[in-house]
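Structure first, then comments.
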Amino acid sequence: MTFDRYRRRKRVNVLVSALAFLCAAITIIPLLMILGHLLAQGAKAVNLDFFTQLPKPVGEVGGGMANAIVGTLILIGLACLVGLPIGIIGGIYLAEFGNNKTGWLVRFMSDVLNGTPSIVIGIFAYTVVVLPMKRFSALAGGFALGIIMIPTVIRATEELVKLVPTSVREAGLALGIPQWRVILRIVVPSAKAGIVTGVLLAVARIGGETAPLLFTAFGNQFWQRRLDQPIASLPVQIFTYAISPFEDWHRQAWAGALVLVAMILITSVLTRVVTKGQDRSMR
Amino acid sequence: MLTGLAVEKLGACFGQKQVLNGISMTIGPNLVTAIIGPSGCGKSTLIRCLNRLHETVPGARQSGRVLLDGQDISQMDPVQVRRTIGMVFQKPNPFPSMSIYDNVAAGLRLNGVRKRHRLDEYVEKSLRMGALWEEVADRLDKPGISLSGGQQQRLCIARAIAIEPKVLLMDEPCSALDPVSTGKIEELIQELKKALTIVIVTHNMQQAARVSDYTGFLLLGELIEFDETPKLFTNPRDKRTEDYITGRFG
Ligand SMILES: Nc1ncnc2c1ncn2[C@@H]1O[C@H](COP(=O)(O)OP(=O)(O)OP(=O)(O)O)[C@@H](O)[C@H]1O
Ligand SMILES: [Mg+2]
């Protein structure tokens with residue numbers, strides 16, 4: 001009788017494991033197909049020129065997207081300047097003092113912002129930055145991307161700061177350390193790995209944003225010298241090239257897509273490495 | 001200066017739940033006061049009221065007064081209270097992001113000790129007193145949480161005494177320690193007693209008898225008996241105390 005039950009349990013176990021495996025496979029297959037296609041199309045277009053050359057004028061073959069690669073990095077940097085302070089400070093606030101109406105409101109707003117289509121945030125940036133400045137600019141693009149980052153960073157920071165056990169806070173307080181200092185010097189560092197993960201995820205997300213850049217950062221076929229002028233970015237460059245009628249531009253769009261995905265993939269891997277290194281500190 | 005505590009009609013609750021009721025006791029300067037009682041009777045809550053940690057728990061309330069050298073601690077700056085009254089917790093709680101060294105130095109840095117050699121001195125001294133120095137001397141830069149549970153507890157003891165408090169609250173400091181370390185901590189208590197006042201919660205009756213001058217027996221949130229340790233253990237006035245210390249209950 002017990003033996004029978006044991007066999008039954010084993011059979012159910014095998015069945016459920018198989019099912020779980022199938023589900024995992026179904027999720028991974030589309031990803032692999034996209035990556036495979038991207039690799040097939042992009043690999044033959046990526047070359048040294050792609051990383052070092054400016055785009056060539058219409059009709060000329062060759063050239064690269066060096067300015068767009070640098071532009072994307074600059075835009076991400078600007079976005080971090082806007083998004084990280086607000087996101088991290090907001091997250092810490094929610095975790096430590098968020099058990100009230102204000103906390104509820106901030107959390108709600110952050111969720112709404114998270115659900116807002118990025119193009120709407122682009123329009124917002126267009127209204128408050130582009131129109132007053134009377135031109136497209138890197139600043140406007142970075143501003144838009146920074147706003148898109150905020151909810152992700154807030155939530156990640158809040159969740160991870162909350163995970164730090166109360167006993168650690170109490171240990172700090174019991175040493176006669178003022179509360180603000182306990183939070184900044186003891187609690188937040190304990191959650192550092194998680195916060196960095198959240199930030200990298202947010203960076204990976206905005207790295208591929210196209211819509212809000214179309215009418216903020218706009219685009220640029222040359223090296224950008226100033227932050228108050230239009231700037232090239234990989235997603236916009238890919239978009240422009242992909243809808244063009246030229247064969248060579250299509251080729252470069254694939255290359256751009258491959259490089260962009262590689263950059264995002266590297267960020268994700270970096271996230272894993274960071275988390276792994278500090279895993280034990282959360283236990 | 002000798003620092004003592006007086007507890008007057010102390011009551012404490014978590015939400016609606018009354019945990020302590022009308023506790024009055026005098027914790028004499030340079031004495032060791034032990035608190036004994038069955039699990040859940042409110043021992044931790046009692047000593048957490050003494051350094052104002054109880055009030056940091058959401059929904060926790062408190063009545064009555066705790067006087068530090070005649071001054072009501074609820075009128076003082078909590079930061080100042082906790083700098084004067086150190087605490088070792090029931091469960092070890094080293095700072096997860098800090099090395100062994102930084103764990104001990106954390107409180108010192110705050111008190112304005114900046115010079116490296118001064119910090120080194122204090123850290124070594126505190127770790128020696130906490131009976132941990134020999135085991136960690138060669139890996140001070142390793143994370144505090146990489147130590148074993150008992151080592152972590154001794155690290156927390158070292159951290160608490162490093163800032164030289166005037167009163168030290170110890171919540172079952174030896175519950176995770178082997179007999180040898182326990183012996184060392186008990187020696188430490190005798191040593192520290194010369195300079196400060198100690199309140200120790202313990203489940204170990206022999207320990208209470210060995211280290212303390214006064215003992216309080218707590219039951220269901222009430223202080224049943226509070227007396228000089230030898231008296232309480234050899235000649236308890238209350239039947240319930242007698243039952244508890246003779247192991248007939250709880
Ligand atoms: N944060 C809390 N919220 C609600 N109730 C609590 C909380 N902490 C403790 N209590 C309750 O208060 C009572 C006293 O707890 P306390 O921790 O002071 O007991 P203790 O005497 O230290 O026990 P032990 O010897 O097991 O450590 C218990 O009944 C416990 O359930
Ligand atoms: Mg306790």
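The values are calculated or read from the model by the stated rules, or taken from the named source; none is laboratory data. Quick caveat, the model's predicted, so the values are computed rather than measured. Cβ atoms come from the backbone with ideal geometry, glycine included; neighbour counts cover every protein chain shown. All accessible areas refer to the heavy atoms of the entire protein, side chains included, with ligands and DNA or RNA removed. Shrake-Rupley method; radii C 1.70, N 1.55, O 1.52, S 1.80 Å.
Hey, any hits in segment B:3-12 for a residue that's away from ligand 1 (no atom under 15 Å from the Cβ), hydroxyl-bearing (Ser, Thr, Tyr) and touching a residue at least 60 places away in the same chain (Cβ under 8 Å)? Yes, some residue in segment B:3-12 is away from ligand 1 (no atom under 15 Å from the Cβ), hydroxyl-bearing (Ser, Thr, Tyr) and touching a residue at least 60 places away in the same chain (Cβ under 8 Å). Criterion applied to B:Val81, B:Val66 was being touching a residue at least 60 places away in the same chain (Cβ under 8 Å) and more than 16 Å from ligand 2 (Cβ to nearest atom), and the one residue passing it is B:Val66. In this entry, A:Gly63 is excluded by the filter for residues that are on the phi > 0 side of the Ramachandran plot and open to solvent by 60 Å² or more (accessible area, probe 1.4 Å).
Table: residues versus (1) away from every other protein chain (no Cβ under 14 Å); (2) among the β-branched types (Val, Ile, Thr).
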position	(1), (2)
A:Leu105	yes, no
A:Ile121	yes, yes
A:Val128	yes, yes
A:Arg135	yes, no
A:Gly141	yes, no
A:Ile150	yes, yes
A:Arg155	yes, no
A:Val161	no, yes
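Just one of (1) open to solvent by less than 30 Å² (accessible area, probe 1.4 Å); (2) within 14 Å of chain B (Cβ to nearest Cβ) fails for A:Lys192. It is (1).
Checked against the criterion of being among the small types (Gly, Ala, Ser), assigned to a strand (DSSP E or B) and modelled with pLDDT of 90 or more, segment B:204-224 contains one or more residues that satisfy it.
The residues of segment B:149-176 that are aliphatic (A, V, I, L, M) and either within 12 Å of the chain's Cα centre (by Cα) or more than 16 Å from ligand 1 (Cβ to nearest atom) (or both), listed by number, are B:Leu155, B:Ile157, B:Ala158, B:Ala160, B:Ile161, B:Ala162, B:Ile163, B:Val167, B:Leu168, B:Leu169, B:Met170.
The lone criterion from (1) out of contact with any strand residue (DSSP E or B) (no Cβ under 9 Å at 6 or more places or on another chain); (2) touching a residue at least 12 places away in the same chain (Cβ under 8 Å) left unmet by B:His117 is number (2).
Of all residues in segment A:222-246, which are open to solvent by 70 Å² or more (accessible area, probe 1.4 Å) and part of a loop (DSSP other than H, G, I, E, B)? Walk me through it before giving the result.
So the first thing to find is which residues in segment A:222-246 are open to solvent by 70 Å² or more (accessible area, probe 1.4 Å), and the list is A:222-223, A:225-227, A:229, A:239, A:243, A:245-246.
Listed by number, the residues that qualify are A:Phe222, A:Trp223, A:Arg225, A:Arg226, A:Leu227, A:Gln229, A:Ile243, A:Pro245, A:Phe246.
Residues that are open to solvent by 20 Å² or more (accessible area, probe 1.4 Å) and more than 16 Å from ligand 1 (Cβ to nearest atom): which helices (runs of 4 or more DSSP H) entirely in segment B:13-113 hold 1 or more of them?
Counting at least 1 such residues, we get B:78-84, B:100-110.
Cβ-Cβ below 8 Å, separation at least six or inter-chain, first residue in segment A:109-132 and over 25 Å from A:Leu227 (Cβ atoms), second among the charged types (D, E, K, R): which pairs? Once the first residue is over 25 Å from A:Leu227 (Cβ atoms) and sits in segment A:109-132, its partners that are among the charged types (D, E, K, R) give A:Ser110/A:Arg155; A:Asn114/A:Arg155.
Once segment A:163-189 is narrowed to residues that are buried (at least 17 other Cβ atoms within 10 Å of the Cβ) and in contact (Cβ under 8 Å) with a residue 24 or more places away in the chain, the residue that is farthest from the other protein chains (Cβ to nearest Cβ) is A:Ile183.
In the list A:Arg251, A:Arg272, which residue meets the criterion of being open to solvent by 60 Å² or more (accessible area, probe 1.4 Å), in contact (Cβ under 8 Å) with a residue 40 or more places away in the chain and in a helix (DSSP H, G or I)? Steps first, please.
Values: A:Arg272 fails: in contact (Cβ under 8 Å) with a residue 40 or more places away in the chain.
From the options A:Arg251, A:Arg272, the qualifying one is A:Arg251.
One residue stands out in segment B:168-197 among those that are within 16 Å of ligand 2 (Cβ to nearest atom) and open to solvent by 50 Å² or more (accessible area, probe 1.4 Å): the one that is nearest to B:Glu134 (Cα to Cα), namely B:Ala176. When you scan segment B:127-150, do you find a residue that is modelled with pLDDT under 95, over 30 Å from B:Pro230 (Cα atoms), within 16 Å of ligand 2 (Cβ to nearest atom) and surrounded by 15 or more Cβ atoms within 10 Å (Cβ to Cβ), even just one? No, that holds for no residue. Taking the criterion of being in a loop (DSSP other than H, G, I, E, B) and open to solvent by 60 Å² or more (accessible area, probe 1.4 Å), the residues of segment A:32-55 that qualify are A:Lys44, A:Asn47, A:Gln53. Residues being assigned to a helix (DSSP H, G or I), surrounded by 21 or more Cβ atoms within 10 Å (Cβ to Cβ) and within 14 Å of another protein chain (Cβ to nearest Cβ) are entirely absent from segment A:197-217.
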